[in-house]
Amino acid sequence: MKKILIFLLFQASLCLGQKAQIIRGPYLQSVTPTSVLVHWRTDIPSPSQVYYQAKGKVLRAIDKNRVIDHVLKLDQLKPATRYAYQIDHKSFDKNRYVVTAPAFGSKESVRIWALGDFGDGSASQKAVMNSIEAYTQGNRPDAWIWLGDNAYNNGKDEEYQKNVFEVYQDVFLQNLPIYPSPGNHDYAGKHNPSEPPYFKIFNMPVEGQGGGLPSHSESYYSVNYGPVHLIALDTEMQEASGLMLKDGNGNQVDWLKADLAANKLPWVVVYFHKPPYSKGSHDSDVELDMKSLREHVNPIFEQYKVDLVIAGHSHVYERSFPMRGHYGINETFDAASHVFAQSTDKNHYVVGPNGQGVIYVVSGSGGKFGGQRSGYPMKSSIYTNNTIGGSVLLDIDQKTFKLKWIQSDGQIGDGFVLEKR
Ligand SMILES: [Fe+2]
């Protein structure tokens, strides 16, 4: 009898020894006013189980299929509500939570963090993260948009592990929803969306569940977050027809036009990787991707009165005038004909009923930083900086849109306010 008992205890200890360990995440995807996808990875296949809690009531979601890459949907949640959650056990941690998106039509203000060209494992990447953690103490971002080149050098799964998950996990990934876009490094310099690990790691709201028009493509999608319509595009993806975003034609562009036409929110931010204008580590006068984008897609942004286009790729910060019709090289910029704004204060624009020009920001120094090409700073730039890393915070309510560029040393390097009265 004693031998049997020892045997059973030994077996039990073996089972305990095989308990799955979380080796990635948890991280939050496709957060909407009523749902969230919780992702994580374990070292061995195991069932998926999440406990979550609001106002003292503990609920559980479970999927008994044994997997390594876990995706569990929590739904029937309340909008703009904080839920503590935990994987497998009920002891909640103060840093592990999700705040659902504001109800559609809500007038709540939101704070968005935009980060570009970050996953290189550098000291600057960590300094930029620390600057935002410090600056947002007491007023955390609601959503996190990624401007591409998220994991250097080739967007491999192990590069995401080392340069993204291991860097941001504790402070941001377990409580801040990510709405990513991919860069050329995430595509390893190619253009086929069936290849990059990016599309396996992330799970975008492409069926309109976030409030935008369904795109049915993980390359591009949109969400409504309080008063702002956020549109993520893909500058790297080539469609089966051979068309890319820069051609100003194809499925992505058709969807973009329809999505912009359907939007009813007061503010529109479009984000993607390669910028239409830059003289930082990339030159939009000579790089055909950027030139073509400017010529074929910028007119769409202007037509639909997009407020801000924000990109990365060039490892600097650059902020343009509110512009229309500037499709040529840097030297052809002419303030008298290309700047469209009622106000002359370059840091505070009051946007009239006819809108104003589109403001183009490059924020590609979330990890990488530096570089300049002939002609830097651009004639169309109001402010540029290539000497320190940084990232962008947007504070948006119904009538006011504030952008701040927060440097890695914690200083506010640039900023402006838009008002719609
Ligand atoms: Fe890039």
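Using Cα springs under 10 Å in a Gaussian network model of the chain, which residue among Ile112, Ile23, Ile132 shows the largest mean-square fluctuation?
Ile23
In a GNM of the chain with a 10 Å cut-off on Cα contacts, which of Glu331, Glu295, Glu239 has the highest mean-square fluctuation?
Most flexible of the set in this elastic network: Glu331.
Let me spell out the model: positive unit charges on the Cβ of Lys and Arg, negative unit charges on the Cβ of Asp and Glu, origin at the Cα centre of region 62-168. What dipole size does that give, in debye rounded to 20?
600
How high is the relative contact order of the chain, in percent, with contacts defined as C-alpha pairs under 8 Å that are six or more residues apart?
15
Which net charge results for the neighbourhood of Pro214, defined as the other residues with beta-carbon distances under 15 angstrom from its beta-carbon, given Lys and Arg at +1 and Asp and Glu at -1?
-3
Mind checking which aspartates and glutamates have their C-alpha under 13 Å from Lys162, skipping anything on the same chain fewer than 8 residues away?
Those aspartates and glutamates meeting the cut-off are Asp120.
Which residue, Phe340, Phe118, Phe272, has the most motion in a Gaussian network model of the chain that connects Cα atoms within less than 10 Å?
Of the options given, Phe340 has the highest mean-square fluctuation.
Give me the distance in nm between label points sitting 7 Å out from Cα along the Cα-to-Cβ direction at Ala335 and Asp93, one decimal.
Rounded to a tenth, the inter-label distance reads 5.2 nm.
Among residues other than Gly328 whose Cβ falls under 10 Å from its Cβ, what is the net charge (Lys/Arg +1, Asp/Glu -1)?
The answer is -2.
Between region 179-196 and region 373-421, what is the C-alpha centre distance in whole Å?
Result: 26 Å between the Cα centres.
On a 0 to 90 degree scale, rounded to 10, what angle separates helix 123-135 from the longest Cα axis of the chain?
90
Apply 1/(1 + (r/R0)^6) to the Cβ-Cβ distance of Ile22 and Asp75, taking R0 = 22 Å, and write down the FRET efficiency to the nearest 0.05.
0.50
Along the positive direction of the dipole of the chain (beta-carbon charges: Lys, Arg +1; Asp, Glu -1; about the Cα centre), which of Val228, Ile62, His313 reaches farthest?
The listed residue farthest towards the positive side: Ile62.
Greater than 29 Å separation of Cα atoms is the criterion. Which listed pairs, Lys19/Lys57; Lys126/Lys399; Lys279/Lys305, meet it?
Exceeds cut-off: Lys126/Lys399.
Which one of Asn175, Asn203, Ala261 is farthest out on the positive end of the charge dipole of the chain, using unit charges on Cβ (Lys, Arg +1; Asp, Glu -1) and the Cα centre as origin?
Positive-most Cα among the choices belongs to Asn175.
Tabulate in residue order the Karplus-calculated ³J(HN,Hα) for region 386-393, using 6.51 cos²θ - 1.76 cosθ + 1.60 with θ = phi - 60°, rounded to whole Hz; enter x for Gly and Pro.
10, 10, 8, x, x, 7, 10, 10
Please calculate how many Å² of accessible area the chain carries per residue, with a 1.4 Å probe and no DNA, RNA or ligand atoms counted.
In whole numbers, the chain has 41 Å² accessible per residue.
Expressed as a whole percentage, what fraction of the accessible surface of the chain belongs to carbon and sulfur atoms when a 1.4 Å probe is rolled over the protein heavy atoms?
Ligands and nucleic acids excluded, carbon and sulfur give 52 percent.
Among the aspartates and glutamates, which have Cα under 13 Å from the Cα of Lys94 when same-chain residues fewer than 8 positions away are ignored?
Qualifying aspartates and glutamates at Cα under 13 Å: Asp170.
So how much slack lies between Glu108 and Asn154, counting 0.36 nm per residue of separation and subtracting their Cα-Cα distance, in nm?
Additional length available on full extension: 12.7 nm.
Alpha carbon centre of region 331-358 versus region 98-157: separation in Å?
That distance is 28 Å.
So for the chain: antiparallel DSSP bridges make up what percent, rounded to the nearest 5?
75
The values are calculated or read from the model by the stated rules, or taken from the named source; none is laboratory data. This one's a predicted model, so the numbers in the text were calculated from it and none came from an experiment. All Cβ positions, glycine included, derive from the backbone under ideal geometry; neighbour counts span all protein chains shown. What goes into the accessible areas is simple: the full protein's heavy atoms, side chains included, and nothing from ligands, DNA or RNA. Shrake-Rupley method; radii C 1.70, N 1.55, O 1.52, S 1.80 Å.
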